[in-house]
Every structure is written in structure tokens, then in C-alpha cells.
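The values are calculated or read from the model by the stated rules, or taken from the named source; none is laboratory data. Worth saying up front: this structure is predicted, and the values here are computed from it rather than measured. Ligands, DNA and RNA are stripped out before the accessible areas are found, and what is left, the full protein with its side chains, is counted by its heavy atoms. Shrake-Rupley method; radii C 1.70, N 1.55, O 1.52, S 1.80 Å.
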Amino acid sequence: MRIKFICDTNADIPFVNTAVFRTARGDITIDRVSTYYTYYSEDQCMDMIWCGCYVWNGNKEDFDMAEHISDEITAVVYLEIEDDADDVLSAEEYNKNQYYCRPLVCLVDGREVPVLHKEAV
């Protein structure tokens, strides 16, 4: 599964840990093997592509389920910010209460899905 996000953000690198998506089975957490991104400073906008996506249940990756569930995803619930983001950037550059990465558009395997919350948590 491949997921593309277009986000409004105030940092030039993504500090997104996982994404929660809505399906008919309930909410699921998706993580990925790799992230490719481009940051546009003039617009504070980021194109972020996740490759090798898998369902994360808190203990292990499930690539097989991710391939079968991609058609069932109906919306993005939210993006989860990395816990250690404040360790990566200096205090002048980052304040967890000020950093944001808001999904504006999301495509799952090329299919656009609605974004329910425009805030990351």
C-alpha cells in the first residue's frame, strides 16, 4: 500500500509517527517502511509519500492485512506526531505545542479519501 498526504506544516521535515484511518471494521493504525517528502517553504506545504505501508497493532507489522484493507479505508482520522520530535529539533526550532502537520488531502493507492480532522495529535 502507498499513501500520499498533502499537509499544511511549519517544519521542513515530517514528524509524523503513524496515521489512523477509518474502515468499516473500525479505526486502524497505519505505519510505513519509508517516507519521501518535499517541503515548500513559501506555502508551508508538504507532499509526503509513505511506501511499504502496513497495519500496526502496537506489537507487530501486518503487511498482508494492509494490502487487503486499502480498498476499505473510508477516511483519515488523524496523524500522530512523533514522541521524540522535540529531541530532534533544538528548542528554538520546535515547541510541541506549536509544531503542526495538518493533512489537507490523502490518497490511498491513488484513491482520494476524506480527511476527518485537519489537526495532528
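Just reorder TYR54, TYR39 by solvent-accessible area, largest first, 1.4 Å probe, all chains present. Spell out each step's value before the answer.
Working: TYR54 20, TYR39 60 Å².
My answer, sorted largest first, is TYR39, TYR54.
Among the protein heavy atoms, those of ASP12 account for about 90 Å² of accessible surface (1.4 Å probe, every chain in place).
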